[in-house]
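Participant: Sharing a structure here in structure tokens format.
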Amino acid sequence: MNTPLLPDKRWMSIWIKCTAILALLNLVLALFNASYVPLRDIYLRYIPQVVQVYDPVKGIEPHPQTEQYRRNFDRLLNQVSETGLDGPEVQASLQRLRQQSETLIDENPFIASGKFSTFAKLQRRITDRLNQDSVTMAFREFWTPEYLRSHDPVTELNFFQTKIIPLLATNYYRKIDDNGQPYDAYWRIDIWFIGFFALEFLILTFIASRRRVGLTWFDAMLRRWYDWFLFIPVWRWLRILPVTVRLHQGKVANIEYLLSQMIHEPAIYLSDHISEFVTIRTLNQFQEAIENGDLARGLLNPSDYVAVGDINSLERISDRLLELTIYKVLPQVQPELKSLLNHSLSEALRESAFVELVERVPALGHLPTGVSDQLANYLANATCETLANAYADELGRERFEDLTEQFQAALRQELQDQATLDELQSLISNVVQEVKINYVQRAAEQDPDETIEKVEEVYDRVERKS
């Protein structure tokens, strides 16, 4: 009958794995999108293809001012390679670069992208190269034919191309959307993931509400609250939570081992203090029940006792203990019982005047000892056999129950004496207080690491058996 369910379970397992991988991909893309702008310089340097593809998604364009500066520099390189520094076109290009450099310093096009450190690095490099204090003077001197001729134009232009141009290339201009926020079209990518996981969420929670009696659709949604982050378009980094759960459920990655290692040290500290807190709290409640008289009222008023099911557990336990006492315990202590009875009878006979008279007769001197031995044996055997036979008999069992009830009633009656109750409550409360003190002292002496090691040993054994 279970055969038709096997394909469903198999396909469900495959589905969980696939959606877990898809959720992981979504998380990676979300983290990449969130970190793209701060890490854009790294992508530009090592993986420029990524910048070419993803810049339009973030609304990033080359800054017009720095881009024009770079184009003029490339034009100058081509002119110098063709005509050297003496051509009129080279002189015009140097003039344009001097003007653009002054505009660059005055207007600082790096403000829009927030790359203040890059602009400062650019200024420091050019001033150090020309040993100038003024950035404007350094650029003005650099873009002169005299300086380039006196310092080898190839070397100087190569310096500018490798040290200054890459800094200019990192600058950009980013669009602003209608809300005044930096443009970001990642939602066009994310909307497909949001739609998929939202639809999956609705279907899975609806199925769960149908399969489980008493579980509403809304309750099923609340139970999968962690999946909400998959279709909330903000705080996308929180999707790490549902992704972790899905990877664990789909057994795609051993998340449990990773989590156990991450929380190992905090778990040692917390488990030690939590166990102390729970134990002390339980003992405090028990101690309060004793001091307030709640425990005494519960024991002295059995009618208020709430039983689980149709069986009174306390009566069942007492009946079982009585059965063990009669059939198992008494036969084992029968020799000691005989010895006790023999001693008691001997002492009783020794105090009797009739026995003293009999002992004076020479022929009857050992009679009391023999009588006490035989009588002790008889009473011990008769007691065990009588109790066993009586308990096995229906009427005898009723007599035992009557005796037990009468004993309990008499005991409760005597315990209702206020002086007795106060004394017992005080003694038991002191015992509980001693237990608390000794427990805390032993807990302080015990190393929590040893407890964690024992727990890990148990888990290792379970894993080896499975």
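Participant: So, GLU107, is that one within 21 Å of ALA169 (Cβ to Cβ), surrounded by fewer than 12 Cβ atoms within 10 Å (Cβ to Cβ) and in contact (Cβ under 8 Å) with a residue 12 or more places away in the chain or not?
Facilitator: So GLU107 fits the description; yes.
Participant: Just to verify a result, which residue in the range 166-218, among those that are hydroxyl-bearing (Ser, Thr, Tyr) and in a helix (DSSP H, G or I), is farthest from the chain's Cα centre (by Cα)?
Facilitator: SER209
Participant: Only residues in the range 31-46 that are under 21 Å from LEU168 (Cα atoms) count as the first member; pair them with residues that are of a type in the set (Lys, Arg), Cβ under 9 angstrom, at least 6 apart or cross-chain, and list the lot.
Facilitator: What qualifies is TYR36/LYS58; VAL37/LYS58; VAL37/ARG174; ARG40/LYS58; ASP41/LYS115.
Participant: Condition (residue is more than 20 Å from PHE160 (Cα to Cα), assigned to a helix (DSSP H, G or I), outside the structural domain of LYS163 (by TED's automatic domain parsing) and not basic (Lys, Arg)) applied to the range 88-97: is it met by at least one residue?
Facilitator: Within the range 88-97, not a single residue is more than 20 Å from PHE160 (Cα to Cα), assigned to a helix (DSSP H, G or I), outside the structural domain of LYS163 (by TED's automatic domain parsing) and not basic (Lys, Arg).
Participant: Can you tell which of VAL53, VAL28 is surrounded by fewer than 16 Cβ atoms within 10 Å (Cβ to Cβ), aliphatic (A, V, I, L, M), under 30 Å from LEU204 (Cβ atoms) and free of Cβ contacts under 8 Å to residues at least 24 places away in the same chain?
Facilitator: Just a single option satisfies the conditions, and that option is VAL28.
Participant: Now a separate question. Looking only at the range 47-63, which residues are within 16 Å of LEU167 (Cβ to Cβ) and assigned to a helix (DSSP H, G or I)?
Facilitator: Those that are within 16 Å of LEU167 (Cβ to Cβ) and assigned to a helix (DSSP H, G or I): PRO48, VAL51.
Participant: Determine if the range 135-157 includes at least one residue that is in contact (Cβ under 8 Å) with a residue 24 or more places away in the chain, surrounded by fewer than 16 Cβ atoms within 10 Å (Cβ to Cβ) and within 27 Å of ILE47 (Cα to Cα).
Facilitator: No, the range 135-157 has no match at all.
Participant: Here's a follow-up. Pairs please, first residue from the range 208-228 and under 21 Å from ARG246 (Cα atoms), second anywhere and loosely packed, with under 15 Cβ neighbours inside 10 Å and of a type in the set (Phe, Trp, Tyr), Cβ atoms under 8 Å, 6+ apart in sequence or on different chains.
Facilitator: SER209/TRP217; TRP217/PHE206; ALA220/PHE206
Participant: Among the residues of the range 221-237 satisfying the criterion of being buried (at least 16 other Cβ atoms within 10 Å of the Cβ) and in contact with a helix residue (DSSP H, G or I) (Cβ under 7 Å, 6 or more places away or on another chain), which is farthest from PHE32 (Cα to Cα)?
Facilitator: Step by step, filter the range 221-237, then rank; the result is MET221.
Participant: Residues to consider are SER81, SER93, SER13; find the one that is over 29 Å from LEU230 (Cα atoms), of a type in the set (Ser, Thr, Tyr) and surrounded by 12 or more Cβ atoms within 10 Å (Cβ to Cβ).
Facilitator: It is SER93.
Participant: Which residues, taken from the range 66-78, are touching a Leu at 6+ places or on another chain (Cβ under 7 Å) and of a type in the set (S, T, N, Q)?
Facilitator: THR66, ASN72
Participant: Wholly within the range 106-152, which helices (runs of 4 or more DSSP H) include no fewer than the required count, namely at least 1 residues that are assigned by TED's automatic domain parsing to the domain that holds GLN95, polar (S, T, N, Q) and under 27 Å from HIS63 (Cα atoms)?
Facilitator: Once the helices (runs of 4 or more DSSP H) in the range 106-152 are filtered for at least 1 residues that are assigned by TED's automatic domain parsing to the domain that holds GLN95, polar (S, T, N, Q) and under 27 Å from HIS63 (Cα atoms), what remains is 116-130, 135-142.
Participant: I'm trying to understand the selection: among the residues of the range 11-23, which are of a type outside the set (Ser, Thr, Tyr) and either at pLDDT below 80 or touching a helix residue (DSSP H, G or I) at 6+ places or on another chain (Cβ under 7 Å) (or both)?
Facilitator: Once the filter is applied, which keeps residues that are of a type outside the set (Ser, Thr, Tyr) and either at pLDDT below 80 or touching a helix residue (DSSP H, G or I) at 6+ places or on another chain (Cβ under 7 Å) (or both), the range 11-23 yields ILE16, ALA20, ALA23.
Per-residue answers, yes or no, for (1) in contact with an Asp or Glu (Cβ under 8 Å, 6 or more places away or on another chain); (2) at pLDDT below 70; (3) crowded, with 16+ Cβ neighbours inside 10 Å:
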| position | (1), (2), (3) |
| --- | --- |
| THR205 | no, no, yes |
| ALA208 | no, no, yes |
| GLU265 | no, no, no |
| SER271 | no, no, no |
| VAL278 | no, no, no |
| LEU283 | no, no, no |
| GLY293 | no, yes, no |
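Participant: What number goes with the only condition from (1) touching a residue at least 12 places away in the same chain (Cβ under 8 Å); (2) farther than 30 Å from ASN72 by Cβ; (3) outside the structural domain of ILE16 (by TED's automatic domain parsing) that PHE197 does not pass?
Facilitator: (3)
The values are calculated or read from the model by the stated rules, or taken from the named source; none is laboratory data. Predicted model, so just to flag it, every value in this text is computed and none were measured. Here Cβ is always computed from backbone atoms with ideal geometry, including for glycine, and neighbour counts include all displayed protein chains.
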